[in-house]
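Asks: Sharing a structure here in structure tokens format.
The values are calculated or read from the model by the stated rules, or taken from the named source; none is laboratory data. Predicted model only: the values in this text are computed from it and were never measured. Here the Cβ is made from the backbone with ideal geometry for all residues, glycine too, and neighbour counts use every protein chain on show. The protein model used for the area step is the full one, side chains on, heavy atoms only, and it has no ligands, DNA or RNA in it. Shrake-Rupley method; radii C 1.70, N 1.55, O 1.52, S 1.80 Å.
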Amino acid sequence: MAAEGGGKEMNEIKTQFTTREGVYKLLTHSEYSRPNRVPFNSQGSNPVKVSFVNVNDQSGNGDRICFNVGRELYFYIYKGVRKAADLSKPIDKRIYKGTQPTCHDFNPLTATAESVSLLVGFSAGQVQLIDPIKKETSKLFNEERLIDKSRVTCVRWVPGSESLFLVAHSSGSLYLYNVEHTCGTTAPHYQLLKQGDSYAVHTCKSKSARNPLLRWTVGEGALNEFAFSPDGKFLACASQDGFLRVFGFDAAELHGTMKSYFGGLLCVCWSPDGRYIVAGGEDDLVTVWSFSDCRVIARGHGHKSWVSVVAFDHCTTSVEDSDPPAEFSGSDEEFHEQIHFGAGRDRANSGQSGLSKRNSTDGRPVSVTYRFGSVGQDTQLCLWDLTEDILFPHLPLSRTRTQTNVMSATTTPPATGVTVATTTTTTTTTTNSTISNPSGTNGNNSVSSGSNSGNPANSLPAPLPRSNSLPHSSNPAGGSTPNSHTGSSGSSTKGGSIIDSAFIATGVSKFATLSLHDTRKERHEKDHKRNHSMGHISSKSSDKLNQLSSARTAKADAAKTLGTLLCPRMEDVPLLEPLVCKKIAHERLTVLIFLEDCLVTACQEGFICTWARPGKVGLLSSQNPANSPSGTVV
């Protein structure tokens, strides 16, 4: 749904935007949709989803795209920034009756130019395995809906496996399948295998091998999305009860949890090195969670409605030289590989990352920046930079930090409910300096210098800008350094694997971890407004208002988590502002995928858009509308 208010400029659909790398441009003739290009009437339908796979064919045009629109499923050659889309020639098209596709996933291990394995989940609970190149349907799982009758919310192949896949349902259950096994003709019977805080794992009792191999019940309400860590060892689950839960997958042990600021969590993703998880949902925020410390390290406010998708941009994550000394050990090549991690699982066998292996004897400084993006029901695309001043805010004893940009969250009068922020430059020689100033003044702040924003130190900062509001610093977090921390993430799997090792891809090393001190300033005693981030609630439908209102009062224990490590108060963690925040569609956005030469978005009208990265737009050899007929019906 399109957001109201904000003036004519705010409501204008953008076709390009600028970051520090350059200009991203929408390639209008690289748009994929239904062949007739008519906007889809999305009322009551499931979200449009997009999946990619590369089949490594000899032509160099190996990318394939699959997307669902209503009851229809399409499979095309994806030409990206190279050529205009030809919608008259889908490789495969399927129309379903009585159910709708809700999600899908390719297996990259088995993909060839002659065959691909595509899993498709449906609104009635079934999962189909198809080969859209051969136009074959291999198998249908949960055909009689004996395993689960609720909608499939997410389906993924288990990393490194050609036969195992995981399916989440709106019932809150998660099932592990093997494509070689049948589902049986009777409802499965389960036996408890492991139980923990708000989750349980059951095995299927059967004389012969059958699906599902395992059933997980996670939290309360729907399990909206899950994501495997880059090495496949851990599983992050975003649930409607507002909790992010991270499990060691093989041992089915809970590694850590996080609670949304408000409402359910709808989406989740991992940083490419596995150090950080970003989640988004009904609180309109993006929340950054540290895997090693199991705590929230930052929140981002830029969306005016629910956040649908979050994703890291592996191509823009960077390492730069920095003037002040930083305490790392190991070779620059090792660190560069860990940040750009092109080979992921192959290089993980080193045991530790370059970050955790460096020591104070190496004087070569580095600066880390993670880029991630988000799209939401407000039709806006936001890009965010996660920089050293957020990642490493605390220093070793007796070291000095200078020129550190911190976002200082400030509460505003309840009438507006809008979170505002200011950027300050600080100099301090202690490790216990605070990074937030909830009262809007510097009276209780331990930093020694005032604001560089031009405002008096005790005045309210400027309102949160909507775009390009966080300039990139070439020297962020001057002297901030991470402490060495090894192997805590590996403990979840020491108790033994629940799944037979023949099924699961073999070992990768422990995650590299960064230890962050958990120092806090003394909080002001005051009530915290639960609608702190809901400044634009007036633009939402009455149905959503009812949902938000009921969610506020549904559970008495929600208030118990606010102000704890599970859910810090707004003033207790840094507040990020988006680098870019642009309205790019008429209907709610449902897809954000970062590719090497472009990024891909999709909206509920059924339009899949390609945005060329800076310098890549010239690769489009033909933008002739004649190459993409608009009147052809398949």
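Asks: I'd like to compare 25-37, 597-609: which one has the highest average count of other Cβ atoms within 10 Å, and what's the full order after that?
Replies: Numbers: 25-37: 19.1, 597-609: 22.4.
Highest to lowest by the protection proxy: 597-609, 25-37.
Asks: I'd like the per residue volume of the convex hull spanned by the Cα atoms of segment 139-183, given in cubic angstrom. Display every interim value, and only then the final one.
Replies: Working: hull volume 3.0 nm³, N = 45.
Convex hull volume per residue, Cα atoms: 67 Å³.
Asks: Taking a probe of 1.4 Å, how large is the accessible area per residue of segment 4-102, in Å²? Walk me through the numbers on the way to the answer.
Replies: Numbers: 4650 Å² over 99 residues.
For segment 4-102, the per-residue accessible area is 47 Å².
Asks: Separate question: Mind checking the per residue accessible area of segment 135-256 for me, 1.4 Å probe, whole number of Å²? Before the final figure, lay out each step's value.
Replies: Numbers: 4740 Å² over 122 residues.
Per residue, segment 135-256 has an accessible area of 39 Å².
Asks: Per 0.36 nm of contour for each residue apart, how much would the distance between T185 and K205 grow if the chain were fully extended, relative to their Cα-Cα spacing? Mind showing how you got there, number by number?
Replies: Values: separation 20, 0.36 × 20 = 7.20 nm, distance 1.39 nm.
Stretched out fully, the T185 to K205 stretch lengthens by 5.8 nm.
Asks: Right, another one. Could you calculate the FRET efficiency of T18 with N61 from 1/(1 + (r/R0)^6), where r is the beta carbon distance between them and R0 is 25 Å, rounded to 0.05?
Replies: Values: r = 30 Å, r/R0 = 1.18.
Computed FRET efficiency for T18 and N61 comes out at 0.25.
Asks: Ok, one more. Place a point 7 Å from Cα of K135 in the direction of its Cβ. Which residues in segment 82-106 have their backbone N less than 15 Å from it?
Replies: 89-95
Asks: Please quote Rg/Rh for segment 260-305 to two decimal places, taking the Kirkwood radius as Rh and restricting both calculations to Cα atoms.
Replies: Working: Rg = 10.4 Å, Rh = 10.8 Å.
Rg/Rh for segment 260-305 comes to 0.97.
Asks: Using a 1.4 Å probe on the protein heavy atoms, what percent of the accessible area of segment 113-207 belongs to carbon and sulfur? Mind showing how you got there, number by number?
Replies: Numbers: 1800 of 4160 Å².
Using a 1.4 Å probe with all protein chains present, segment 113-207 comes out at 43 percent carbon and sulfur.
Asks: Could I ask something else about it? Any idea what the alpha-carbon Rg over 2.2 N^0.38 Å comes to for segment 119-206? Write down the numbers at each step before the final one.
Replies: Working: Rg = 13.4 Å, N = 88, 2.2 N^0.38 = 12.1 Å.
Normalised by 2.2 N^0.38 Å, the Cα Rg of segment 119-206 equals 1.11.
Asks: Please compute the Kirkwood hydrodynamic radius over segment 198-245, one decimal place, Å, based on all pairs of different Cα atoms.
Replies: Working: mean 1/r = 0.0816 Å⁻¹.
Computed over Cα pairs of segment 198-245, the Kirkwood hydrodynamic radius comes out at 12.3 Å.
Asks: Determine, for each peptide in 221-234, 582-595, the mean count of other beta carbons within 10 angstrom over its residues, then list the peptides with the highest first. Write out the running numbers ahead of the final one.
Replies: Working: 221-234: 22.4, 582-595: 20.9.
Ranking, from highest mean packing down: 221-234, 582-595.
Asks: Can you give me the long-range amide H partners of L576? Hydrogens built in the peptide plane at 1.01 Å from N, cutoff under 5 Å, separation of 5 or more residues or another chain.
Replies: R299, G300, H301
Asks: Enumerate the amide H contacts of Y276 below 5 Å, restricted to partners 5 or more residues apart or on another chain; note that Pro and chain-start residues carry no placed amide H.
Replies: S271, F291
Asks: Calculate the dipole size of segment 48-130 relative to its Cα centre from +1 charges on Lys and Arg beta carbons and -1 charges on Asp and Glu beta carbons; express the result in debye to the nearest 20. Kindly include the intermediate steps, with their values, before the conclusion.
Replies: On the way: 10 positive and 7 negative charges, 57 e Å.
Computed about the Cα centre, the dipole is about 280 debye.
Asks: Take the residue pairs K93/K139; K135/K205; K89/K134; K583/K616 and return only those whose Cα atoms are more than 24 Å apart.
Replies: Details: K93/K139 18 Å; K135/K205 35 Å; K89/K134 15 Å; K583/K616 22 Å.
Over 24 Å Cα-Cα: K135/K205.
Asks: Calculate log10 I(q)/I(0) of segment 25-66 for q = 0.15, 0.30, 0.33 Å⁻¹, where I(q) comes from the Debye formula with a single equal point scatterer on each Cα and nothing for solvent.
Replies: Values, matching the q order: -0.58, -1.11, -1.13.
Asks: Also, I was wondering about something else. For segment 113-167, what is the convex hull (Cα atoms) projected area averaged across all directions, in square nanometres?
Replies: Working: hull surface 16.2 nm².
The orientation-averaged projected area of the Cα hull of segment 113-167 comes to 4.1 nm².
Asks: Ok, one more. Given all pairs of different Cα atoms, what value in angstroms does the Kirkwood hydrodynamic radius of segment 1-150 take? Write out the running numbers ahead of the final one.
Replies: Details: mean 1/r = 0.0571 Å⁻¹.
For segment 1-150, the Kirkwood estimate is 17.5 Å.
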